[in-house]
RNA sequence: GGUGGGGUUCCCGAGUGGCCAAAGGGAACAGACUGUAAAUCUGUCGUCGCAAGACUACGGUGGUUCAAAUCCACCCCCCACCA
C-alpha cells in the first residue's frame, strides 16, 4: 500500500461507517479518529508523552491563535510546530474560519478575506485565503484547512448562500496557493451551507470541482437541533467522494461522534473532552457526571470502574472532587487525561467494530448511556 | 484609666430614618459547555409557601418615631493610640 501523504486506504465498510488509514507526512492515522484540540500548540494540561500514552494519533492547532502568538514565522524558525511543541505525530490546523464565527464583533468580512481585531491586544490583522495557507505552511501542519466563513444556526437562506459561496471562492484561492502535491501537507476543503440541503450540495460540488485531499463538513454543532446535523450528514454521504477522508469539524458529544461515524465520517475534533474536564464534567461508562457534586465527597470508588486510564487506576472520586473544588492544577490534568482517554477509546472501539462488521451493536451500547442525547429526540415528524 | 474607631444575614464587607431579607465579594449547592476570547459562564443562596404573603433577622436591653440596621440612653464585647 502506498504511504504517500494524502493516500487514503479504505479498509472496511459497515453500513455507511468506514474504517481507513490516512497517510500524512508525520505518519498514518487510523480512521475513524478523534483529534484532541490544542489551539495554542498545546492540548491544555496534557503533555505529548501523555497524549501518546492514551493513544492520540493526531492533534489540532489553530492558525489564528498561533499567528497572533507566538507568530507563525517564529514557529517556522523553530522548525515548524512539531519541533516547537515536541509532538512528532500528525497535526491538523484549523484556518481561523471558526474564529470568523466565534469572534463575531471582532472581525469584518470582505471578498478578499477577514479583518480581525486581536482578542489579545485589539490590534488589526488580515487573513486572506493565501495568508492562511502561508501561515499553515509555516506551522508545517500535516493537514491544512481552507479559510471559510462559518456561520451560526438561524441565518437566512440568503445569508447562508453568500457564506457558502464565499467559502467556495476562498477554497479555490487556497487550492491555487497550494496546488495538490506541492509538498507533503494536505489541504482540506470545507462544506458550508448551514441547514439548507441545496446549499450543502452546491458547496460540496464546488469543492469537489476544485479537488482536495479531504472534505470537511463545517458549520454544524453551532446551535442547530440535532436532527439537522444527521440530515446533513445523510445527504452528503452519497455526494462526497468515497475515496477521500471526511472530517466533521468541531463535533462533538460522544453520541454526535458515533452518529457521524455511522453516516460515513472519518475524522472528528472537539474541545468538549478537554474543556469539560477543566469544568468538572467527566464522561464515564455510565454517562456524564459532574465531579464537583457533593455526592462524590466521600466516594472512594474509581471515577469509572471500566476505564483503565491513569486517573481511574490511581485516584478516588473523593480525591478528584477535592482537587476540582480546591482549584488544584492537577485536577485539570487528571480530568483531561480521563476524558481524552474516553473519547479516544470510544472511537478506537468504533473502528474495531467496523472492521468486525458489528458497528450498529457497538453504537447501541453508547446510546443506552446517553438516553437524553438521542439526536432523533428533537426530530420533527419522521 | 483616657481618646478615637468598631460589632450587619455561613465568612469578609457596603449600608446612617421608609425604595432593606439588606450592595459587592467569597464559601456552599446546582446547571451549562461541540473547528477553545473558556482553570469560563449561569442560577440558587434567612424560614415556611406554587404564589400572593407571613414570620424571624443587623451585639444586648429599653426608648423616640406612622416607620429603626440606621436616631437616643444604658450595658456587653473587639481594635488602635495615649497614660
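The values are calculated or read from the model by the stated rules, or taken from the named source; none is laboratory data. Small disclaimer: the values here were computed from a predicted structure and weren't measured. Every residue, glycine among them, receives a Cβ derived from its backbone with ideal geometry; neighbour counts consider all protein chains shown.
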- Message: Please pick out the residue among A:55, A:41 that is within 20 Å of the chain's Cα centre (by Cα), within 16 Å of RNA strand B (Cβ to nearest atom), part of a loop (DSSP other than H, G, I, E, B) and under 23 Å from residue A:248 (Cα atoms).
- Response: A:41
- Note on the structure: Selection from segment A:283-302 of residues within 9 Å of RNA strand B (Cβ to nearest atom) and within 21 Å of the chain's Cα centre (by Cα) yields A:288
- Please go through segment A:14-28 and pick out each residue that is farther than 14 Å from residue A:87 by Cα and either within 16 Å of RNA strand B (Cβ to nearest atom) or in a loop (DSSP other than H, G, I, E, B) (or both). A:15, A:16
- Message: For the condition touching a residue at least 24 places away in the same chain (Cβ under 8 Å), at negative phi, outside any loop (DSSP other than H, G, I, E, B) and more than 16 Å from RNA strand B (Cβ to nearest atom), what is the one hit in A:60, A:11?
- Response: A:11
- Look at segment A:313-359 and say how many of its residues are more than 24 Å from the chain's Cα centre (by Cα), part of a helix (DSSP H, G or I) and closer than 22 Å to residue A:11 by Cα. 0
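Going by the conditions given, is residue A:307 in contact (Cβ under 8 Å) with a residue 24 or more places away in the chain and crowded, with 22+ Cβ neighbours inside 10 Å?
no
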- Query: For segment A:152-166, how many residues are touching a residue at least 60 places away in the same chain (Cβ under 8 Å) and either closer than 23 Å to residue A:267 by Cα or in a helix (DSSP H, G or I) (or both)?
  - Reply: 2
- Query: Given the structure, is residue A:122 exposed (fewer than 14 other Cβ atoms within 10 Å of the Cβ), over 21 Å from residue A:272 (Cα atoms) and modelled with pLDDT under 95?
  - Reply: yes
- Per the list (1) assigned to a loop (DSSP other than H, G, I, E, B); (2) away from RNA strand B (no atom under 11 Å from the Cβ), residue check on residue A:149 breaks on (2)
- Message: Among the residues in segment A:63-72, are any assigned to a loop (DSSP other than H, G, I, E, B) and at pLDDT below 95?
- Response: no
- Message: All but one of (1) at pLDDT 95 or above; (2) closer than 25 Å to residue A:13 by Cα hold for residue A:206; state the number of the condition that does not hold.
- Response: (2)
